[in-house]
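Each value in this text was obtained by applying a stated rule to the coordinates, not by laboratory testing. Only a predicted model underlies this, so the values are computations on that prediction, with no experimental measurement involved. So basically every Cβ, Gly included, is an ideal-geometry build from the backbone, and we count neighbours across all protein chains shown.
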Amino acid sequence: MSDPAAVAALESPGAAASAPLLEVAGLSVLLEINGAKRPVLRDVSLTVRPGEAVGLVGESGSGKSMTARAIDRLLPRGAEVTGSIRFGGEDVNQLTGAGLRRYRNKVAMIFQDPRAHTNPVRRIGDFMTEALQANLAVSAPEARRRAVDMLAQVGIDDGAKRLGQYPHQMSGGMLQRVMIAAALLTKPRLLLADEPTTALDVTTQAEVMAILDGLRREFGLAMLFITHDLDLAAAICDRTAVMYAGQIVEIRASALLHDDPLHPYTAALAAARPDITQTAHRLRAIPGRPLSAFEAPSQECAFAPRCPHATDICRTEVPALARLDGGVSRCARARELRGQLGGAPGG
Amino acid sequence: MSTGIPTAIEAPRFRALTSVRATGIVGIASAIILAAATFTAIFGPLLAPYDPELPNLSLAWIGPAGGHLLGFDVQGRDVLSRLLAGAQTSMLGPLVVVIVSIVTGSLLAVVAAWRRGAADAAISSGLDILFAFPGILLAVLATAVFGAGLPAAAIALSLAYMPYVARVLRGAAYRERSQPYVAALEVQGASATSICLRHLIPNMLPLIVAQATILFGYAMVDLAAISFLGLGVQPPRPDWGVMISENQTGIVQGYPLPALSAGVCIVAVVIAVNVLGERLFEQAEAGRR
């Protein structure tokens with residue numbers, strides 16, 4: 001296990017300049033599944049600075065969403081959490097009651113499926129103004145006025161009419177824009193976006209993404225952006241963390257991630273993406289299947305069984321996160337593989 | 001060219017038609033019976049043609065005769081007047097029982113589902129203990145504490161029914177609590193009280209209403225039984241349960257009308273309420289799909 005403070009220092013060289021807004025250090029989560037405690041996150045450490053967008057990329061079950069849920073204290077009951085989550089210097093795991101509600105007003109979350117995350121029998125207006133009225137003591141007419149303004153910001157012009165509508169009267173893309181507007185209404189400082197465009201049509205995806213990214217920059221919000229799309233993360237995030245089997249395996253400036261990865265898994269992810277300039281006769285997949293965190297071996301690198309570069313050293317110990325060329329990598333052979341991993345072939 | 005738009009507009013009208021058809025004669029009759037019973041409960045004492053509490057022993061056990069449609073009871077009082085006046089306590093008692101047990105039961109269910117863990121365990125085992133006491137036994141206890149009368153009987157039955165309500169609604173509350181929209185409200189910073197009162201309970205309302213109608217029937221029969229035992233409404237106050245109790249000897253003596261007419265009223269209202277409750281529940285389930 002790596003020393004949290006050391007990792008934070010490793011990861012952000014010269015970080016003294018701006019103190020991190022969110023600091024997750026050595027976060028491990030065990031969930032009780034069918035009576036057995038199973039790890040879903042193992043030693044996750046990452047920081048988000050004010051105004052910074054950090055991507056969190058990984059396959060299904062790699063722990064991306066669990067990380068976000070742990071940060072927003074939404075883990076299922078019985079979850080055993082170790083490690084620390086600090087937001088603006090405050091220990092998030094110790095918050096209760098009103099303190100937790102205030103924290104949640106500062107950390108907004110946007111979910112993958114907007115339809116499941118709205119009460120189907122309540123109007124959009126109720127949903128958007130509830131937190132404002134209940135927690136920030138905003139009057140009802142003022143809350144509605146702010147909601148209409150914010151709807152205009154996300155490109156919904158007839159906001160006053162929309163507030164009286166129910167979720168089923170809107171398309172998925174529009175509802176997701178409403179969710180974004182609702183999340184921004186409480187003036188949060190950090191946005192947790194859990195695959196906000198995955199459930200949408202491709203054409204709507206780009207639109208919603210543009211709105212989200214634009215408003216984030218306008219309001220100077222920090223964002224933890226969860227996606228399985230490496231290119232999307234690269235396009236909108238300053239840095240990207242790659243997760244595999246409940247661990248972070250690499251954190252690197254997004255611009256470098258695709259073409260100059262530090263970890264064989266990132267390289268394999270980049271290579272698995274089909275090249276749109278050529279006709280692929282056979283898509284390049286990573287051999288084997290993704291491991292869940294609880295299946296990951298404790299005595300070897302979790303990616304070793306699927307890694308083309310694995311050697312004996314990979315199978316004898318779990319590698320620690322180590323700093324390399326401005327990023328962080330959890331690979332025993334990262335240094336010797338420098339330059340060999342390359343980007344996506346043909347890309 | 002029947003596209004999605006026209007069918008979407010026609011859909012609600014179609015639904016309304018089928019629901020009326022499904023309700024049918026039985027449903028409409030039930031609604032009429034319930035409406036009549038409610039009307040009588042409110043205006044019964046004004047409608048009663050004779051004084052329901054004035055005995056005239058020389059008229060005891062006389063059958064229907066001029067102006068007295070249902071004849072006279074054991075003490076020579078007009079049966080129809082007693083039926084009309086008795087509707088008040090017979091309908092009000094179950095209503096109180098239903099309201100008290102539904103309100104307390106839903107609150108306990110929601111608290112258990114929200115807090116889970118120790119709070120849920122405490123509430124659930126508390127309910128299990130209450131389950132062990134039959135309603136009638138609780139009624140005897142309540143009579144000992146509060147004295148015989150409708151309030152004691154209503155308190156006892158409310159306490160006896162509350163665990164059933166809480167048990168059923170706890171499951172529903174658990175289901176609702178695990179809906180993703182609840183997590184979305186939580187991260188918005190909504191308080192537990194506001195989520196429970198403004199979202200969980202309203203979304204459980206169809207089930208709550210269905211439970212209430214079923215309980216109303218049970219409560220009516222049980223309260224009549226308690227009055228029959230002499231622990232509920234006290235004679236000479238008119239009440240359907242009391243009427244059966246007072247006139248039970250008539251059944252063997254060949255004058256069944258006074259006791260039976262009260263029994264028929266109870267049975268009719270109970271069936272009507274149950275039919276309507278079932279219809280409501282079916283519609284709620286259909287709406288859920």
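How high is the relative contact order of segment B:116-214? Use alpha-carbon pairs under 8 Å, at least six apart in sequence, and give a whole percent. Don't skip to the answer; put the middle values down first.
Details: 55 pairs, mean separation 23.0, N = 99.
Once normalised by length, the contact order is 23 percent.
Which Cα, out of A:Ala181, A:Gly220, A:Cys237, lies furthest along the positive dipole direction of segment A:165-314 (beta carbon charges, K/R +1, D/E -1)? The residue sitting farthest along the positive end of the dipole is A:Ala181. For segment A:105-256, DSSP calls about 40 percent of its internal beta bridges antiparallel.
Taking a ≥ b ≥ c as the square roots of the eigenvalues of the Cα gyration tensor of segment A:90-200, is the shape rounded (a/c under 1.5), prolate (a/b larger than b/c) or oblate? Mind dumping the intermediate values first?
Numbers: a/c = 1.90, a/b = 1.30, b/c = 1.47.
It comes out oblate by the Cα gyration axes.
Here the Kirkwood formula, the inverse mean of 1/r across different C-alpha pairs, assigns chain B a hydrodynamic radius of 21.4 Å. Largest GNM mean-square fluctuation across A:Gln133, A:Gln169, A:Gln278, computed for chain A with C-alpha springs under 10 Å, falls on A:Gln278. For A:Lys37, give me every one of the aspartates and glutamates with a C-alpha distance below 20 angstrom, ignoring sequence neighbours fewer than eight places off in its own chain. Within the straight-line limit of under 20 Å, A:Lys37 reaches these aspartates and glutamates: A:Glu80, A:Glu295.
Here chain A carries DSSP beta bridges of which approximately 60% are antiparallel, counting only pairs with both residues inside. Please check: in the Gaussian network model of chain B (C-alpha springs, under 10 Å), which one of B:Tyr181, B:Tyr164, B:Tyr255 has the largest mean-square fluctuation. Judging by the Gaussian network model, the answer is B:Tyr181.
Counting each DSSP H run of 4 or more residues in chain B as -39500 (n - 2.57), what helix-only mean residue ellipticity at 222 nm follows after dividing by all residues, to the nearest 500 deg cm²/dmol? Walk me through the intermediate numbers first.
Numbers: 11 runs with 221 residues, N = 289.
That comes out to -26500 deg cm²/dmol.
Computed packing ranks the peptides A:200-210, B:100-110, A:282-292 as B:100-110, A:200-210, A:282-292, most packed first, by mean other Cβ atoms within 10 Å.
GNM remark for chain A: springs join alpha carbons under 10 Å apart, and the peak mean-square fluctuation among A:Pro261, A:Pro274, A:Pro20 falls on A:Pro274. With contacts taken as Cα pairs under 8 Å and at least 6 residues apart, chain A reaches a relative contact order of 21 percent.
Based on DSSP H assignment, which helices of chain B show an axial Cα extent of at least 24 Å together with a mean Kyte-Doolittle hydropathy greater than or equal to -1.0?
Values: long enough: B:4-47 (56 Å, 1.20); B:79-115 (53 Å, 1.60); B:150-177 (37 Å, 0.52); B:201-228 (39 Å, 1.54); B:257-288 (46 Å, 1.11).
Long hydrophobic helices here: B:4-47, B:79-115, B:150-177, B:201-228, B:257-288.
Helix A:124-135 and the longest principal axis of the Cα set of chain A meet at an angle near 90°. For chain A, the longest principal axis of the C-alpha atoms and the axis of helix A:172-185 are separated by about 80°. Taken over the alpha carbons of chain A as equal point scatterers, the Debye sum produces base-10 log I(q)/I(0) values at 0.11, 0.12, 0.15 Å⁻¹ of -0.75, -0.89, -1.30.
Report the relative contact order of segment A:156-298, percent, no decimals, based on alpha-carbon pairs under 8 angstrom and at least 6 residues apart. List each step's numbers first, then the result.
Numbers: 123 pairs, mean separation 22.0, N = 143.
Relative contact order, segment A:156-298: 15 percent.
Partners of A:Lys187 within straight-line reach, counting lysines whose Cα lies under 29 Å from its Cα and excluding those fewer than 8 residues away in the same chain: A:Lys64, A:Lys106, A:Lys161. Of all DSSP beta bridges confined to the protein assembly as shown, the antiparallel ones make up roughly 60%. Rounded to the nearest Å, what's the spacing between the alpha carbon centres of segment A:168-215 and segment A:250-290? Just the number, please. With segment A:168-215 and segment A:250-290 each reduced to a Cα centre, they are spaced 27 Å. For the peptide B:172-184, the mean number of other protein chain Cβ atoms found within 10 angstrom of a residue's Cβ is 4.
Taking only DSSP H segments of four or more residues, each worth -39500 (n - 2.57), what value at 222 nm results for chain A once the sum is divided by all its residues, to the nearest 500 deg cm²/dmol? The partial results should precede the final answer.
Numbers: 11 runs with 108 residues, N = 347.
After summing the helix terms and dividing by the residues of chain A, the value is -9000 deg cm²/dmol.
Relative to the longest principal axis of the Cα atoms of chain A, helix A:202-219 runs at roughly 80 degrees.
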